[in-house]
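Okay, structure first, notes after.
The values are calculated or read from the model by the stated rules, or taken from the named source; none is laboratory data. These numbers were taken from a predicted model, which means no experiment stands behind them. Cβ placement follows ideal geometry from the backbone for every residue including glycine, while neighbour counts extend to all protein chains displayed. Note: areas computed on protein heavy atoms with side chains; ligands, DNA, RNA excluded. Shrake-Rupley method; radii C 1.70, N 1.55, O 1.52, S 1.80 Å.
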Amino acid sequence: MLVVGGGFAGVAAAWALSSRGRDVLMTWEGPGASALYCGALDRADWAGPVDPRPLSRDAEAFLAALGCWAPPGSMGARLATTAGVLRPARCRDRALLDLEPLRGQSIGVVDFGRPGWDARALAEAWSQSGWARLTRTEFRVVSVAVPEAELEALRWLAPADLAARADDPAWAALLGTALRSAGNAESPLLLGPWLGSLPDSVERVRELVRRPIGETLCDPGGAAGWRWEAARDAWLERSGVAVRRGEVHALRPLEPGFEVLGSWPVGADQSLLEGHFSEVILALGGVLGGGIRFLSGAGPSGRSFSLSLDAPVALRLGGREVALSSGALGADLQRLGLEALSDVGLWVDEQQLAHAPDLYAAGDVVADRPRSALEAIYAGIGAARTVCRVRASISP
């Protein structure tokens, strides 16, 4: 069984397959859209009503297996953004501070005098939000004194470098000691996405601080994405799922299954993946993740949207094949709308078959589905469950 893609959908599919006893090979080339997530997991647009749906057992088990996310519980979290917004989220990176259990308290906003982190303006914006007023929750600036030798690092390091510092136990001890005595030494503390690029780093700091502490959501490509990738790689090593890093160029149908061609930097044969695969799950991502290309390549497909690999499937947009949605000069986004960049994808049936025998699709590569982290996880698990169910029905 081959899974193409190393993001939320692909890893969820590999987890579900391996937990059901299937042999799995995963392949992907580099970071995709999942590495850009901000630390919140949702199934739908977070700007709408709070999502009341409980997670499925498989989804909860997957989150627990990866280890970088907090237990989802029976209700969603409330998270702070660096834009001064308090937003709901169904699940979260465990380094983030969940404000829901802290309703009615005074929450300290850590101030190191760091440029780009206006603690006073953020505290005021969060305090004036509808949720804070409704719950009578306050946000107050808390100045933190640190040794002069380390002050420059806290002030001037790029967010990525500052987060990575917390992976160092010595730095974590220094930071934890400073935060433990800040303010009244009791109230919760909220700070930027600086508590580590590894999933366990935040717990080291929390043990030293001995009070609720956590991050805001991060910008795309920040610490939450790194923690997810570290957790993924650690799980793959524990699970025994085989990984071959490289780029898939084509899937050639066989009877049954597929032959897989691509570029892999190691091994004697750098063009053909050994053997053939009875089923393939495509979890390549959409336009943002690189699974779907826009105005790239030669020929008619290069004037429109095209799948990043050659496979016996067609892309759809608004229920029509992409070729029917494009003119002589290609896809006209002024006519189609910018939503086309997210909506375009493969058509799949209710079993997530991508209009070709033994070829399944999950995540952002599927057309007209919500582009959210939890939706991708559900889709990956769903595709794996279908593969196992179909295979069991045809086995003697």
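The figures follow:
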quantity: Filter result (over 17 Å from T386 (Cβ atoms), buried (at least 24 other Cβ atoms within 10 Å of the Cβ) and in contact with a strand residue (DSSP E or B) (Cβ under 6 Å, 6 or more places away or on another chain)) within the stretch 1-29; calculated: M26
quantity: Scope the stretch 254-273; condition exposed (fewer than 11 other Cβ atoms within 10 Å of the Cβ) and modelled with pLDDT of 60 or more; matching residues; calculated: E255, P265, V266
quantity: Subset of the stretch 154-168 that is surrounded by 15 or more Cβ atoms within 10 Å (Cβ to Cβ) and more than 22 Å from the chain's Cα centre (by Cα) - its residue that is farthest from R180 (Cα to Cα); calculated: L157
quantity: Pairs where the first residue, in the stretch 233-247, is under 11 Å from L25 (Cβ atoms) and the second is at pLDDT below 90 and surrounded by 13 or more Cβ atoms within 10 Å (Cβ to Cβ), C-beta under 8 Å, 6+ apart; calculated: R244/W264; R244/L273
quantity: Criterion violated by R103 - all others in (1) touching a strand residue (DSSP E or B) at 6+ places or on another chain (Cβ under 9 Å); (2) open to solvent by less than 30 Å² (accessible area, probe 1.4 Å); (3) farther than 18 Å from A224 by Cβ satisfied; calculated: (2)
quantity: Criterion: under 18 Å from D111 (Cβ atoms) and open to solvent by less than 40 Å² (accessible area, probe 1.4 Å) - qualifying residue of S181, S187; calculated: S187
quantity: Every residue from the stretch 56-71 that is open to solvent by 20 Å² or more (accessible area, probe 1.4 Å) and without any contact (Cβ under 8 Å) to a residue 40 or more places away in the chain; calculated: R57, E60, A64, P71
quantity: Subset of the stretch 206-224 [modelled with pLDDT under 95, touching a Leu at 6+ places or on another chain (Cβ under 7 Å) and not in a loop (DSSP other than H, G, I, E, B)]; calculated: V209
quantity: Residue match in the stretch 8-31 (condition: modelled with pLDDT of 95 or more, part of a loop (DSSP other than H, G, I, E, B) and of a type outside the set (G, A, S)); calculated: no
quantity: So P88, is it part of a strand (DSSP E or B) and either under 29 Å from R43 (Cα atoms) or not aliphatic (A, V, I, L, M) (or both); calculated: yes
quantity: Residue in the stretch 361-374 that is over 27 Å from D51 (Cα atoms), among the aliphatic types (A, V, I, L, M) and outside any helix (DSSP H, G or I) present; calculated: no
quantity: Members of the stretch 59-77 that are in contact with a Leu (Cβ under 6 Å, 6 or more places away or on another chain) and at pLDDT 95 or above; calculated: W69
quantity: Qualifying residue in the stretch 44-51 (condition: over 21 Å from G240 (Cα atoms), over 15 Å from the mean Cα position of the chain (by Cα), of a type in the set (V, I, T) and modelled with pLDDT of 95 or more); calculated: no
quantity: Checking F112 against (1) touching a residue at least 12 places away in the same chain (Cβ under 8 Å); (2) farther than 22 Å from A178 by Cα, the condition it does not meet; calculated: (2)
quantity: Checking D93 against (1) closer than 24 Å to S143 by Cβ; (2) touching a residue at least 60 places away in the same chain (Cβ under 8 Å); (3) surrounded by 19 or more Cβ atoms within 10 Å (Cβ to Cβ), the condition it does not meet; calculated: (1)
quantity: Extreme residue, surrounded by the most Cβ atoms within 10 Å (Cβ to Cβ), among residues of the stretch 117-151 that are assigned to a loop (DSSP other than H, G, I, E, B) and in contact (Cβ under 8 Å) with a residue 40 or more places away in the chain; calculated: W117
quantity: The stretch 202-228 - residue that is open to solvent by less than 10 Å² (accessible area, probe 1.4 Å) and without any contact (Cβ under 8 Å) to a residue 40 or more places away in the chain and, of those, nearest to L36 (Cα to Cα); calculated: V205
quantity: Candidate set: the stretch 338-350, residues that are open to solvent by less than 60 Å² (accessible area, probe 1.4 Å) and part of a loop (DSSP other than H, G, I, E, B); chosen: the one farthest from L315 (Cα to Cα); calculated: D349
quantity: Extreme residue, modelled with the highest pLDDT, among residues of the stretch 300-323 that are open to solvent by 40 Å² or more (accessible area, probe 1.4 Å) and either of a type in the set (S, T, Y) or farther than 24 Å from Y360 by Cβ (or both); calculated: R303
quantity: Boolean, A231 is crowded, with 19+ Cβ neighbours inside 10 Å, in a helix (DSSP H, G or I) and touching an Asp or Glu at 6+ places or on another chain (Cβ under 9 Å); calculated: no
quantity: Residue selected from the stretch 351-371 under the condition acidic (D, E) and over 15 Å from G10 (Cβ atoms), by the criterion most open to solvent (accessible area, probe 1.4 Å); calculated: D368
